[in-house]
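Shown next, in structure tokens, is the structure this report addresses.
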Amino acid sequence: MITVVGMDGSALSTQAEAALAAATLVVGARRHLTAAGALAPALATRGAQQTPGRPRGAEVIVLAELAPGLDALARHEGDAVLLASGDPGFFGIVRVLRERGLDAVVLPAVSSVALAFARAGLAWDDAMVVSAHGRDPRPAVNVCRAHPKVAVLTGPGCGPAEVGAALEGWDRRLVVAEDLGGEDERLTECSPAGATRRTWADPNVVLVLAGSPGPGKVLNADERQVHHEQRRPRAAAGTGGPAGAGAGWLAGGHRAPGGWALPEEEFDSRDAVMTKGEVRALALARLGPGPGMLVWDVGAGSGSVGIECARFGAAVIAVERDAMRCARVRGNATRHGVDVRIVPGDAPQALARLPDPDAAFVGGGGPEVVAAVAARQPARIVVALAAVERASLAGAALAAAGYATDGALVQAARFAPLPGGAHRLAAINPVFLVWGWLPGTTEGTGPGEHAGAGDHAGAGDHAGAGDHAGAGDDFGAGNHAGHAHPGTGHGGPR
Ligand SMILES: C[S@@+](CC[C@H](N)C(=O)[O-])C[C@H]1O[C@@H](n2cnc3c(N)ncnc32)[C@H](O)[C@@H]1O
């Protein structure tokens with residue numbers, strides 16, 4: 001029988017001590033073996049004098065690499081103990097054991113994530129927990145960009161400094177918890193930039209919280225008051241779930257949105273440049289936003305597309321040249337309880353220093369904008385265009401950058417009330433959506449799996465798009481009171 005014993009710096013439980021005493025094989029990292037007393041010189045030799053309660057004559061394997069230790073556990077015929085950190089069932093060794101078909105009794109200690117939040121004096125049932133250990137850190141970092149309370153399990157190549165560097169430009173503070181439960185335990189609150197300027201002791205866990213930090217500070221138990229419950233509580237972003245359930249009934253910081261392709265009334269867009277709900281529905285489907293993704297909304301206007309992506313859990317950067325509209329994006333994001341980074345400025349120049357996106361929506365900007373976005377090779381790009389001639393050019397620009405492309409003319413007519421309870425149809429302006437996906441990069445219900453909507457985009461090398469109300473890529477033009485039945489101009493999708 002294998003017993004997995006979690007360790008968090010506190011004394012081992014009686015059950016764990018008994019498992020160790022009975023074990024004929026003990027496997028673990030050096031620091032765990034030392035803490036458990038299994039590496040005392042007397043113990044490494046079979047049959048030598050034992051500390052009471054420690055394994056008599058047990059074989060001890062110091063884990064440098066996982067595979068040999070797991071092989072030894074699989075071969076071993078007596079009782080074995082595997083020492084691991086914290087709760088081994090939470091981002092830990094239990095998954096690996098199960099994948100190898102090995103059964104185990106698990107004796108958990110407190111997870112490093114729980115300890116970090118406890119030391120910081122914060123509740124964490126609303127936190128997201130991500131691992132950057134031994135994997136591409138981009139999804140983990142994107143979760144930190146999107147959510148106000150995230151714990152990052154760090155690893156080689158993605159420690160506090162790397163997490164801090166990736167959060168440059170986002171309003172975040174880091175709480176770095178080093179050597180939790182150990183003699184050198186330390187909690188430090190710092191800015192993302194501050195995290196890049198120093199070296200950190202392993203092992204560590206990073207809490208990434210919304211809001212800017214106070215002055216750099218090493219925390220101890222007496223200084224916990226410098227932490228406040230998140231300064232900008234997440235509002236209604238995750239409205240999925242039973243009505244009135246509120247927070248605190250389901251762990252984790254992200255819910256599926258309660259709805260999408262929201263009516264235009266859900267966004268402040270005084271100058272009528274908003275992408276209509278029906279168009280947004282298809283655009284969102286092709287973008288496939290979700291946790292771990294970074295989405296660019298280029299030519300964001302009211303921010304409706306980016307904000308809806310953020311409601312799905314993606315990190316979002318909204319690029320918008322018009323300062324008033326930037327302010328509106330901020331207001332709309334706040335209204336929907338999501339965190340959207342707003343980059344004021346003209347694309348493509350404004351795109352140059354941004355982190356690469358996983359998906360991008362181009363709602364404004366000329367041919368050079370589509371080309372510049374495609375050059376960054378997000379897996380999925382959706383371009384919205386009002387002008388007939390420009391649709392094929394957008395498709396060609398995507399194809400030239402290596403994308404498989406498709407597109408559709410989205411044409412909807414909404415119910416508009418007539419006297420006596422009847423309805424007529426009020427058309428909204430047709431809009432071309434042209435989308436591209438990188439072959440081999442689609443996942444789940446990504447754009448590569450769509451059901452053949454519309455015609456293929458034709459040749460050409462750019463997608464043109466104006467940006468002003470009433471023309472060009474102002475897809476909202478003509479859909480307002482002047483074209484709709486009086487009093488129904490802004491009726492959104494039901
Ligand atoms: C049709 S609107 C986008 C509507 C938006 N998707 C929404 O739902 O509100 C186009 C927007 O792109 C912006 N824009 C156009 N060209 C741009 C460029 N090169 N760089 C940045 N923003 C641009 C315009 O200011 C305008 O707000």
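Inclusion of Ala384 among residues that are within 15 Å of the ligand (Cβ to nearest atom), part of a strand (DSSP E or B) and touching a residue at least 60 places away in the same chain (Cβ under 8 Å) is warranted.
Could you tell me which of the residues Ala318, Ala300 is crowded, with 24+ Cβ neighbours inside 10 Å and within 25 Å of Leu209 (Cβ to Cβ)? Break it down stepwise before answering.
Values: Ala300 fails: within 25 Å of Leu209 (Cβ to Cβ).
Step by step, each of Ala318, Ala300 is checked, and only Ala318 is crowded, with 24+ Cβ neighbours inside 10 Å and within 25 Å of Leu209 (Cβ to Cβ).
Rundown of residues vs (1) closer than 22 Å to Arg311 by Cβ; (2) surrounded by fewer than 22 Cβ atoms within 10 Å (Cβ to Cβ); (3) in contact (Cβ under 8 Å) with a residue 24 or more places away in the chain, yes/no style:
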| site | (1), (2), (3) |
| --- | --- |
| Val105 | no, yes, yes |
| Val110 | no, yes, yes |
| Arg119 | no, no, yes |
| His133 | no, yes, yes |
| Asp136 | no, yes, no |
| Gly155 | no, yes, yes |
| Glu168 | no, yes, yes |
| Val175 | no, no, yes |
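Within the stretch 177-191, restricting attention to residues that are free of Cβ contacts under 8 Å to residues at least 40 places away in the same chain and part of a loop (DSSP other than H, G, I, E, B), the residue that is surrounded by the fewest Cβ atoms within 10 Å (Cβ to Cβ) is Glu183.
May I ask you to verify whether Ala323 is under 18 Å from the mean Cα position of the chain (by Cα), more than 9 Å from the ligand (Cβ to nearest atom) and assigned by TED's automatic domain parsing to the domain that holds Val434?
No: the conditions fail for Ala323.
Flag set for Leu385, criterion: at pLDDT 95 or above and assigned by TED's automatic domain parsing to the domain that holds Ala300.
Output the number of residues of the stretch 294-333 satisfying the condition of being in a helix (DSSP H, G or I) and either under 30 Å from Asp136 (Cβ atoms) or without any contact (Cβ under 8 Å) to a residue 60 or more places away in the chain (or both).
Keep residues of the stretch 294-333 that are in a helix (DSSP H, G or I), which gives 304-311, 323-333.
Applying the additional criterion that residues be either under 30 Å from Asp136 (Cβ atoms) or without any contact (Cβ under 8 Å) to a residue 60 or more places away in the chain (or both) yields 304-311, 323-327, 329-330, 333.
Residues that pass the stated criteria total 16.
Taking the criterion of being part of a loop (DSSP other than H, G, I, E, B) and over 12 Å from the mean Cα position of the chain (by Cα), the residues of the stretch 133-162 that qualify are His133, Gly134, Arg135, Asp136, Thr154, Pro156, Gly157, Gly159. Using the structure shown, decide if Ala375 is away from the ligand (no atom under 12 Å from the Cβ), crowded, with 24+ Cβ neighbours inside 10 Å and under 24 Å from Pro137 (Cα atoms). Taking the combined requirement at face value, the residue does not satisfy it. Could you check the stretch 340-381 and list, in sequence order, the residues that are in a loop (DSSP other than H, G, I, E, B), in contact (Cβ under 8 Å) with a residue 12 or more places away in the chain and among the basic types (Lys, Arg)? Hit for the stretch 340-381 is Arg376, nothing else. For Leu409, only one of the following conditions fails: (1) more than 15 Å from the ligand (Cβ to nearest atom); (2) under 20 Å from Glu308 (Cα atoms); (3) of a type outside the set (Gly, Ala, Ser); (4) part of a strand (DSSP E or B). What is its number? Here Leu409 meets the rest and fails (2). Tallying residues that are touching a Leu at 6+ places or on another chain (Cβ under 9 Å) and of a type in the set (A, V, I, L, M, F, W, C) within the stretch 413-433 yields 6. Listed conditions (1) closer than 21 Å to Glu264 by Cα; (2) in contact with a helix residue (DSSP H, G or I) (Cβ under 7 Å, 6 or more places away or on another chain) are all met by Ala416, apart from (2). Among the residues of the stretch 257-308, those that are near the ligand (Cβ under 7 Å from one of its atoms) and among the aliphatic types (A, V, I, L, M) comprise Val273, Met274, Val298, Ala300, Val305.
The values are calculated or read from the model by the stated rules, or taken from the named source; none is laboratory data. Everything numeric in this text was worked out from a predicted model, so none of it was measured. FYI the Cβ positions are ideal-geometry reconstructions off the backbone, even for glycines, and counts take in every protein chain you see.
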